[in-house]
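Scroll down for the structure; my scribbles are underneath it.
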Amino acid sequence: MDDEKIIHMDMGAMMGNATDDVRPTLCLGIESSCDETSAAIVDSNHNILSHIIYSQIPEHQKYGGVVPELAARAHILAIDDVIQQTLARANKTIDDIDVIAATAGPGLIGGVLVGWMAATGIAQSTGKPLVAVNHLEGHALVPRLSATSASGVAGDTSVDFPYLLMLASGGHCQILLVRGVGQYELIGQTLDDSAGEAFDKVAKMLGLGYPGGPIVDKRAQDGDSKAFKFPRPLCDKPGCDFSFSGIKTAARTFLDKNPAPHSDKFINDFCASFQASVVDCIVNRLNNAMNDARVRDAMPKTLVVAGGVAKNSAIRNALEKLAAKNGMIFAAPPMNLCTDNGAMIAWAGIENYRVGRVVKTPIAPRPRWPLTEL
Ligand code: KG4
Ligand code: ZN
């Protein structure tokens, strides 16, 4: 494995402040469901002892997206080193670890299998408990490990159940009420593309590269969000579902009429206008979810955004304002815990272990695994 491709997380910033457990539970978490091979050791006092993310992005970039076969092969080549380095950096051996956790789905099954089999092998050979983590639950629970405000300022780390969750990643876009570990009520979801897919596809149309979300986010910061008019699908309708394919088609149609080369100003304005339509849709749908909750007298205290798209500065800022308007606390994971990472899987491992949700008989990893089926 190529050492310069490994991101060694800055642990200083990641140490939690709760020190309630005398002998904290240590969990080794493994993530391999998409294009990151990652492992982390996290303890039940909210500390990340070590965290390694081996990103395969350079390997997939020339194809404009993740190639599942290449991803699976890259996970196989990286997984042992990633796990060993994670233990070494925390100054721990496998004997010090209390729980093993790995993503068991949903995701690209070739990659999921690599991480899951590694975790199963370690658990079986050491007799340690094993947690099969739903990748989406990793995203959903990580704000309870560590949460920040929209700008990334660390705040009160206690995100208590229940909370309203905007889960927006490359593969999913859902509004959920998180009642507890393993307890998810689906409030709304996309009828077609995910928000992350929309970002990635629009970036690809503009020839900006992969993954598109961070590039569009950056270009949008210098653009005029009113320069182009994009649709706001479903926003004139009640309910909490999303549709992003209309925004994508509008982008395609407009670019067909205005082909490259494009000036920097055109690209920045286009990104800002597209992003504004995604932000408006998310705010509109969450606003409906909050109104429904209010009517049912079931308004949660906290609004949480998670998943790779939660890195988006405009979305974080808009949701912080929306939360304040509705008298809610806003929380988001720190930037490096939004996109796929092993720490979120380790934390979900700890949360599941605490409530006894461990693997008792061998299980098969699942390419599809909705949060409502936990
Ligand atoms: O959660 P994640 O790492 O992987 C999945 O589980 O899918 O999310 C990846 C997605 C990609 O679509 C990427 O473009 C998007 O998150 N993303 C962003 C930003 N950073 C990553 N989207 C918008 N703005 C960003 N700053
Ligand atoms: Zn993810």
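Answer yes or no: is there a residue in region 293-306 that is touching a Ser or Thr at 6+ places or on another chain (Cβ under 9 Å), within 20 Å of Y184 (Cα to Cα) and not assigned by TED's automatic domain parsing to the domain that holds V133.
yes
Report, by residue number, each residue of region 334-374 that is β-branched (V, I, T), surrounded by fewer than 24 Cβ atoms within 10 Å (Cβ to Cβ) and closer than 15 Å to A119 by Cα.
If the condition is that a residue be β-branched (V, I, T), surrounded by fewer than 24 Cβ atoms within 10 Å (Cβ to Cβ) and closer than 15 Å to A119 by Cα, then V358, V359, T361, I363 are the ones that fit.
Report, by residue number, each residue of region 149-167 that is open to solvent by 10 Å² or more (accessible area, probe 1.4 Å) and touching a helix residue (DSSP H, G or I) at 6+ places or on another chain (Cβ under 9 Å).
Matches in region 149-167: S149, S151, G152, A154, T157, S158, D160, F161.
Go through region 309-318 and count every residue that is surrounded by 24 or more Cβ atoms within 10 Å (Cβ to Cβ) and of a type in the set (G, A, S).
Of the residues in region 309-318, 1 are surrounded by 24 or more Cβ atoms within 10 Å (Cβ to Cβ) and of a type in the set (G, A, S).
Report the residue count in region 247-272 for those that are among the hydrophobic types (A, V, I, L, M, F, W, C) and not in a helix (DSSP H, G or I).
The total comes to 1.
Looking at region 285-308 only, could you name the residues that are in contact with a Cys (Cβ under 8 Å, 6 or more places away or on another chain) and open to solvent by 40 Å² or more (accessible area, probe 1.4 Å)?
D292
One line per residue, one yes/no per condition, for (1) within 16 Å of ligand 2 (Cβ to nearest atom); (2) closer than 19 Å to G239 by Cβ; (3) touching a strand residue (DSSP E or B) at 6+ places or on another chain (Cβ under 8 Å):
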site: N284; (1), (2), (3): no, yes, no
site: S313; (1), (2), (3): no, no, no
site: A318; (1), (2), (3): no, no, no
site: A324; (1), (2), (3): no, no, yes
site: F330; (1), (2), (3): no, no, yes
site: C338; (1), (2), (3): yes, no, yes
site: A348; (1), (2), (3): yes, no, yes
site: T361; (1), (2), (3): no, no, no
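Do the conditions hold for F274, that is, is it at pLDDT 95 or above, of a type in the set (F, W, Y), away from ligand 2 (no atom under 16 Å from the Cβ) and buried (at least 19 other Cβ atoms within 10 Å of the Cβ)?
yes
Quick check on region 124-143. Is at least one of its residues among the acidic types (D, E) and either open to solvent by 20 Å² or more (accessible area, probe 1.4 Å) or touching a His at 6+ places or on another chain (Cβ under 9 Å) (or both)?
no
Pairs only if they're at least six apart or on different chains, beta carbon under 7 angstrom, first in region 226-255 and open to solvent by 30 Å² or more (accessible area, probe 1.4 Å), second among the aliphatic types (A, V, I, L, M) and in a loop (DSSP other than H, G, I, E, B); list them, first residue then second.
Pairs found: D241/L191; D241/L234.
Take the residues of region 20-62 that are part of a loop (DSSP other than H, G, I, E, B) and within 20 Å of G111 (Cα to Cα): which is farthest from ligand 2 (Cβ to nearest atom)?
The extreme case among them is K62.
Of everything in region 215-224, what is within 20 Å of V283 (Cα to Cα) and open to solvent by 50 Å² or more (accessible area, probe 1.4 Å)? Give them in sequence order.
Q221, D224
Looking only at residues that are assigned to a helix (DSSP H, G or I) and in contact with a His (Cβ under 9 Å, 6 or more places away or on another chain) in region 83-109, which one is nearest to ligand 1 (Cβ to nearest atom)?
Looking at the filtered set, the residue picked out is T86.
The values are calculated or read from the model by the stated rules, or taken from the named source; none is laboratory data. Source: prediction; values computed, not measured. In this analysis, Cβ positions are derived from the backbone assuming ideal geometry, glycine residues included, and neighbour counts consider all displayed protein chains. Surface areas here come from the heavy atoms of the whole protein model, side chains and all, with no ligands, DNA or RNA. Shrake-Rupley method; radii C 1.70, N 1.55, O 1.52, S 1.80 Å.
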